[in-house]
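Chemist: Structure provided below as structure tokens; questions to follow.
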Amino acid sequence: MTGALEEDYRLLRTEVAAYHLGRDVVRLEGPDAASYLQGQCSQDLDPLAVGATVDTLLLAPDGKINALARVLRLDDEVFHLDVDGGFGGVVFERLARFKLRSRFELSQIDWSCVALRGPRALTAAGLDAPAVAPFAWNGFEGVDLLGPPASIEVPDDMPWCSDEAWEAARIESGIPAMGRELTDRVIPAETGTVGRAVSFTKGCFTGQELVARIDSRGAAVPHRLAGLVLAGEIDPAELVDAELVVPEKEKPVGRVTSAAWCPGVGAVCALAYVHRSVDAEADVGVRRAGGGPGEAVAASVRPLPLV
């Protein structure tokens, strides 16, 4: 299995491989769709051309994260927001909450996403889909094909990668996932998403006050999303929700959100929220929540991306 994982990973990083990426899609259509989204999204959508995409955050009024979504403009009055699978309802409910008398229809639609990653993804022949969105995040690059399931076509000889290889590349690249790194308990400045998903030159949007205030103060936040490299062998499944500890502090200094064996690092790696008191490349212990001091596994905190 390790050999298969490493081959899938190699294709993702150095050639091309496909992956069925779970995405939910919410559609807005109507004369007020553009102006309504502009007031709800953290990203500036006014310059967004038809056929183009951009990442955005949907925030609660207090600035906490509801969702990280991608906006696709299909027409002057038609937009699609796609989000990690299982969170379409969150986006739908968040957009419906402040709709009031705005003139647009809001619905969830049955679209799928096939993700191609690797240097050859953008030049792969035989691709067809209603929407094609280039993707690039910390060196993990490619293209996403979006549309009704029967409308997405990839060549018969396209290799497909495993869940394990995909997760390894995601963690190494520091890409946060809804429900793991992105929840209603965190704020944008902690997650590493502000640079790609927030505009500081557009008009007001819901949740803007906290984002702007933290930015004006140098983006100092209680926790930050960081990488971990574990020492020795450990089952990655045992690390999720584990605590980060250091000898000089009684309370935990962080929490693991995702973990996987990562061929690019040659070790089990993780994403974790780390307290600001912990140095950027500090040594820490990782233990199950509530575990004793002797149960901690050695790890090193690393900046993202890990490769």
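Chemist: Please work out which one of (1) over 15 Å from the mean Cα position of the chain (by Cα); (2) free of Cβ contacts under 8 Å to residues at least 60 places away in the same chain is the condition Val114 fails and give its number.
Modeler: Of everything listed in (1) over 15 Å from the mean Cα position of the chain (by Cα); (2) free of Cβ contacts under 8 Å to residues at least 60 places away in the same chain, Val114 misses just condition (2).
Chemist: Just checking, which of Ala231, Ala272 is within 19 Å of the chain's Cα centre (by Cα) and under 23 Å from Trp166 (Cα atoms)? Full working, then the answer.
Modeler: Details: Ala231 fails: within 19 Å of the chain's Cα centre (by Cα).
Answer to the selection: Ala272.
Chemist: Suppose we keep only residues that are among the β-branched types (Val, Ile, Thr) and under 18 Å from Asp184 (Cβ atoms) within segment 207-230. Which one would you say is surrounded by the most Cβ atoms within 10 Å (Cβ to Cβ)? Before the answer, list the steps.
Modeler: Of all residues in segment 207-230, those among the β-branched types (Val, Ile, Thr) come to 211, 214, 221, 229.
Filter again for under 18 Å from Asp184 (Cβ atoms), leaving 211, 214, 221.
Working: Val211: 21, Ile214: 18, Val221: 16.
Looking at the filtered set, the residue picked out is Val211.
Chemist: OK, next. Out of (1) modelled with pLDDT under 95; (2) among the polar types (S, T, N, Q); (3) in a strand (DSSP E or B), the odd one out for Thr123 is which?
Modeler: (3)
Chemist: Also: Yes or no: Ala115 aliphatic (A, V, I, L, M), over 23 Å from Val26 (Cβ atoms), at pLDDT 95 or above and surrounded by 21 or more Cβ atoms within 10 Å (Cβ to Cβ)? Reasoning before the result, please.
Modeler: Numbers: aliphatic (A, V, I, L, M): yes; over 23 Å from Val26 (Cβ atoms): no; at pLDDT 95 or above: yes; surrounded by 21 or more Cβ atoms within 10 Å (Cβ to Cβ): yes.
Against the criterion (aliphatic (A, V, I, L, M), over 23 Å from Val26 (Cβ atoms), at pLDDT 95 or above and surrounded by 21 or more Cβ atoms within 10 Å (Cβ to Cβ)), Ala115 does not qualify.
Chemist: Select from segment 227-262 the residues that are over 19 Å from Pro176 (Cβ atoms) and not aliphatic (A, V, I, L, M) and list them in ascending order.
Modeler: Across segment 227-262, the qualifying residues are Gly232, Glu233, Asp235, Glu238, Glu243, Pro247, Glu248, Lys249, Glu250, Lys251, Pro252, Trp261.
Chemist: If a residue counts only when it is more than 21 Å from Ala169 (Cβ to Cβ), which strands (runs of 3 or more DSSP E) contained entirely in segment 232-307 have at least 3 such residues?
Modeler: Numbers: elements: 243-245, 254-262, 267-275, 283-287, 297-302.
Ranges flagged: 243-245, 283-287.
Chemist: Collect the residues in segment 24-42 that are buried (at least 22 other Cβ atoms within 10 Å of the Cβ) and either part of a loop (DSSP other than H, G, I, E, B) or among the basic types (Lys, Arg) (or both), keeping them in residue-number order.
Modeler: Ser42
Chemist: Would it be correct to say that Ala33 is modelled with pLDDT of 95 or more, within 13 Å of Leu95 (Cβ to Cβ), among the small types (Gly, Ala, Ser) and touching an Asp or Glu at 6+ places or on another chain (Cβ under 6 Å)? Walk me through how you get there before you give the answer.
Modeler: Values: modelled with pLDDT of 95 or more: yes; within 13 Å of Leu95 (Cβ to Cβ): yes; among the small types (Gly, Ala, Ser): yes; touching an Asp or Glu at 6+ places or on another chain (Cβ under 6 Å): yes.
Yes.
Chemist: Related question: State which residue is modelled with the lowest pLDDT when the search covers only segment 192-223 and only residues that are within 18 Å of Pro61 (Cα to Cα), touching an Asp or Glu at 6+ places or on another chain (Cβ under 7 Å) and outside any loop (DSSP other than H, G, I, E, B).
Modeler: Leu210
Chemist: How many residues are under 27 Å from Gly195 (Cβ atoms) and in a helix (DSSP H, G or I) if we restrict to segment 57-91? Working first, answer last.
Modeler: Step one: of segment 57-91, the residues under 27 Å from Gly195 (Cβ atoms) are 57-74, 79-88, 90-91.
Applying the additional criterion that residues be in a helix (DSSP H, G or I) yields 88, 90-91.
Of the residues in that region, 3 qualify.
Chemist: Something else about it: Yes or no: segment 233-256 includes at least one residue that is surrounded by 19 or more Cβ atoms within 10 Å (Cβ to Cβ) and closer than 30 Å to Asp44 by Cα.
Modeler: No.
The values are calculated or read from the model by the stated rules, or taken from the named source; none is laboratory data. Only a predicted model underlies this, so the values are computations on that prediction, with no experimental measurement involved. Positions of Cβ are backbone-derived with ideal geometry, glycine not excepted, and every protein chain shown enters the neighbour counts.
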